[in-house]
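Novice: Mind having a look at this structure? Questions to follow.
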Amino acid sequence: LHPPRDLLFDEDTVEGALRVAETPGSNGEVVQLGTGIAISMGDLAQKICDILGRSPRIISDETDRKRPDKSEVNRLIASTERADHLLDWRPRTSLEEGLTKTAEWVSENLEYFTQKGYQI
């Protein structure tokens, strides 16, 4: 629940990838698409609960779900300078807006979700 991650809304990801494909001079360049802002998974879970108006107790099972030693990436945040400079690209969707849009989409498409089994 603690390592921070940089989360990018899917529409922004697609827009950034298209911008890479369409921009002269981007061929062969490494460009990170992201927000440059990190959030821990625990804080993300709390934000989702706030958006949904829920207050469940979050339980972390360190024994069954703990990653092997030295396998966890402790900090995963995009460096956005090259995307900004080379592509003139920045994400348009804030984390809160993306979570709200996602929650709305899920609530309108519950037929795709079940409580049994693994969902792909």
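The values are calculated or read from the model by the stated rules, or taken from the named source; none is laboratory data. Note that the structure is predicted; figures quoted are calculated from it, not measured. For neighbour counting, all protein chains shown are included, and Cβ atoms are generated from backbone atoms with ideal geometry for every residue, glycine included. What goes into the accessible areas is simple: the full protein's heavy atoms, side chains included, and nothing from ligands, DNA or RNA. Shrake-Rupley method; radii C 1.70, N 1.55, O 1.52, S 1.80 Å.
Novice: Excluding Ala38 itself, calculate the net charge of residues whose Cβ lies under 10 Å from the Cβ of Ala38, where each Lys or Arg counts +1 and each Asp or Glu counts -1.
Specialist: With Lys, Arg at +1 and Asp, Glu at -1, the net is 0.
Novice: Would you mind counting up the charge near Pro4? Only other residues with Cβ under 12 Å from its Cβ, with Lys and Arg at +1 and Asp and Glu at -1.
Specialist: Net of charged neighbours comes to -1.
Novice: Moving to a separate point now. What number comes out for the charge environment of Asn27, summing +1 per Lys or Arg and -1 per Asp or Glu over other residues with Cβ under 14 Å away?
Specialist: 0
Novice: Taking only protein heavy atoms into account and a 1.4 Å probe, give the accessible area per residue of the chain in Å².
Specialist: It amounts to 79 Å² per residue over the chain.
Novice: Which residues make up the longest stretch of the chain that has no chymotrypsin sites (Phe, Trp or Tyr not before Pro) in a DSSP loop with at most 16 other Cβ atoms within 10 Å?
Specialist: With chymotrypsin sites (Phe, Trp or Tyr not before Pro) excluded where exposed in loops, the chain gives 1-112 as its longest stretch.
Novice: Run the accessible area of the chain with a 1.4 Å probe and give the carbon-and-sulfur part as a rounded percent.
Specialist: With neighbouring chains kept in place, the figure for the chain is 52 percent.
Novice: Between Glu108 and Leu18, what is the label-point separation in nm under the 7 Å Cα-to-beta-carbon projection?
Specialist: Simple spin-label model gives 1.9 nm for this pair.
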